[in-house]
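Each remark here refers to the structure printed beneath this line.
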Amino acid sequence: MLLPVLWLQVGCGESRNEAAVRAQNACAGIAVIKYATFKGALPIEDRAFDELLQVLDEARPCLVEKIDDTTPASDTSDHKNLKAGDLALFFLEASDGINWVELLPATIQTDIRARGIAAYFAFVNDPKNRTWLRDQVRKHYENGFVPNTRKRKELIALRKWALEQKTSNGNGD
């Protein structure tokens, strides 16, 4: 329920330097985001996800650079090879609406349509491919990709609802 109030603090209550430091710290913690948070309105607490969402505009360049980060994610319940870079990419998809699949080579796009997310993980298992994908995402933003603010608003509303459900159901971490 604090999400909207905290959201306003970034723009109103902090200096640019404080916001930049907060964004860097939030981005640095990408590996501790719970993968389940991306699955929808799950009433789970994920402070790292919520903090990053609050400082997204300032953290976006760092998130792009994190795409080739191979630090293991702390939550690997769904994907044993999940890395910080994957979480950064999935966060940009969820918050900005970036379609990273369309940035991949056509053969990999076809493979993803056939095999799903496993094809993505096979592709980025090679560090060169992970770096290549990071460079493609960076170019996409540099070439004028405009983040979808509707996606971000929907994500904020979804997280607010999920946290309210958690509170009303008495579920705690």
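At an R0 of 25 angstrom, the distance between the Cβ atoms of Thr107 and Glu142 translates into a FRET efficiency of 0.50.
Separation of the alpha carbons by more than 20 angstrom is noted, of Lys80/Lys139; Lys34/Lys80; Lys83/Lys139; Lys128/Lys151; Lys34/Lys160; Lys34/Lys139, for Lys80/Lys139; Lys83/Lys139; Lys128/Lys151; Lys34/Lys139. Take the Cβ atoms of Asp57 and Val32, set R0 to 25 Å, and the FRET efficiency comes out at 0.75. Spin-label model, Asp126 to Arg150: label points 7 Å out along the Cα-to-beta-carbon direction sit 3.7 nm apart.
Residues whose amide H comes within less than 5 Å of that of Lys83, counting only those at least five positions distant or on another chain, are Ala73 (H built at 1.01 Å from N in the peptide plane). Simple spin-label estimate for Glu18 and Arg115 gives 4.9 nm between the two label positions (7 Å along the Cα-to-Cβ direction from each Cα).
Which length gain, in nm to one decimal place, applies between Asp135 and Leu158 when the Cα-Cα distance is subtracted from 0.36 nm times their residue separation? Intermediate results must be reported in sequence, preceding the final value.
Details: separation 23, 0.36 × 23 = 8.28 nm, distance 3.01 nm.
Length gained between Asp135 and Leu158: 5.3 nm.
Just so you know, all these numbers are worked out from the coordinates, no wet-lab data involved. Keep in mind it's a predicted model, so treat the numbers as computed, not measured. Reconstructed Cβ throughout: ideal geometry from the backbone, glycine too, with neighbour counts over all protein chains shown.
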